[in-house]
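Quick notes on the structure that follows.
The values are calculated or read from the model by the stated rules, or taken from the named source; none is laboratory data. What you see is a predicted model; the values in this text were computed from it and never measured. Cβ atoms come from the backbone with ideal geometry, glycine included; neighbour counts cover every protein chain shown. Calculation scope for accessible area: heavy atoms of the full protein, side chains included, ligands and nucleic acids excluded. Shrake-Rupley method; radii C 1.70, N 1.55, O 1.52, S 1.80 Å.
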Amino acid sequence: VQLQASGGGLVQAGGSLRLSCAASGRTFNSDGMGWFRQAPGKERQFVAAISWSGGSTYYADSVKGRFTISRDNAKNTVYLQMNSLKPEDTAVYYCAATSIPYGSRWSADFGSWGQGTEVTVSS
């Protein structure tokens, strides 16, 4: 499956952004999906994941209560709604797909990755 992430940009602290990840090439309805991020000079880290049906979601502690992951299988798209953004959320955000139906927190479990979309939060 090919993944295309979009929706990044520059926003002030406290603002919101919604990232989208469009899948193509095959249906992704049975895949778990995830969002990861990588800040300059840092390792890629888990942000959020969602099960194939959307019934289960998982979040990193650092974004819990501020970010919401969702999916629309009819549109082959996964979303990451980011509210109350902080400067430390600044990173390149990547969406990824895993054959594990209930998703995962571990990047090694994800076999398909999008190209990344940059999010910059100014203070």
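Specify the residue that is farthest from Thr27 (Cα to Cα); the eligible residues are those in region 52-86 that are hydroxyl-bearing (Ser, Thr, Tyr) and touching a helix residue (DSSP H, G or I) at 6+ places or on another chain (Cβ under 9 Å). I'd like the intermediate steps shown before the answer.
Within region 52-86, the first condition is being hydroxyl-bearing (Ser, Thr, Tyr), and the residues that meet it are 53, 56-59, 62, 68, 70, 77, 79, 84.
Narrowing further to those that are touching a helix residue (DSSP H, G or I) at 6+ places or on another chain (Cβ under 9 Å): 53, 62.
Numbers: Ser53: 13, Ser62: 31 Å.
Top of the filtered list is Ser62.
With respect to Asp89, is the statement that it is closer than 19 Å to Ala5 by Cβ and either exposed (fewer than 15 other Cβ atoms within 10 Å of the Cβ) or modelled with pLDDT under 95 (or both) true?
no
Of everything in region 7-26, what is more than 10 Å from Val119 (Cα to Cα) and either without any contact (Cβ under 8 Å) to a residue 12 or more places away in the chain or among the small types (Gly, Ala, Ser) (or both)? Give them in sequence order. Lay out the reasoning, then the answer.
Pass one, region 7-26, residues more than 10 Å from Val119 (Cα to Cα): 12-16, 18, 20-26.
Matches in region 7-26: Ala13, Gly14, Gly15, Ser16, Ser20, Ala22, Ala23, Ser24, Gly25.
If Asn73 meets every condition in (1) closer than 21 Å to Asp109 by Cβ; (2) touching a Lys or Arg at 6+ places or on another chain (Cβ under 9 Å); (3) open to solvent by 30 Å² or more (accessible area, probe 1.4 Å); (4) not acidic (Asp, Glu) apart from one, which number is that one?
Only one criterion is unmet by Asn73, namely (2).
Across region 92-123, what is the number of residues that are open to solvent by 30 Å² or more (accessible area, probe 1.4 Å), among the hydroxyl-bearing types (Ser, Thr, Tyr) and either closer than 18 Å to Ala22 by Cβ or in contact with a Ser or Thr (Cβ under 7 Å, 6 or more places away or on another chain) (or both)?
3
Being at pLDDT 95 or above, surrounded by 17 or more Cβ atoms within 10 Å (Cβ to Cβ) and under 22 Å from Val121 (Cα atoms): is that true of Arg66 here?
no
When both residues are 6+ apart or on different chains and their Cβ atoms are under 7 Å apart, which pairs have a first residue that lies in region 102-123 and is touching a residue at least 24 places away in the same chain (Cβ under 8 Å), and a second that is outside any loop (DSSP other than H, G, I, E, B) and among the charged types (D, E, K, R)?
Val119/Asp89; Val121/Asp89
So in region 42-53, with the set limited to residues that are open to solvent by less than 30 Å² (accessible area, probe 1.4 Å) and of a type in the set (Gly, Ala, Ser), which one is nearest to Met82 (Cα to Cα)?
Ala48
Can you tell me which residue among Gly65, Gly41, Gly55 is outside any strand (DSSP E or B), of a type outside the set (Asp, Glu) and farther than 21 Å from Val119 by Cα?
Values: Gly65 fails: farther than 21 Å from Val119 by Cα; Gly41 fails: farther than 21 Å from Val119 by Cα.
Gly55 is the lone residue from the list that is outside any strand (DSSP E or B), of a type outside the set (Asp, Glu) and farther than 21 Å from Val119 by Cα.
Quick one: in region 3-31, which of the residues that are within 16 Å of the chain's Cα centre (by Cα) and more than 15 Å from Lys75 (Cβ to Cβ) is surrounded by the fewest Cβ atoms within 10 Å (Cβ to Cβ)?
Ser16
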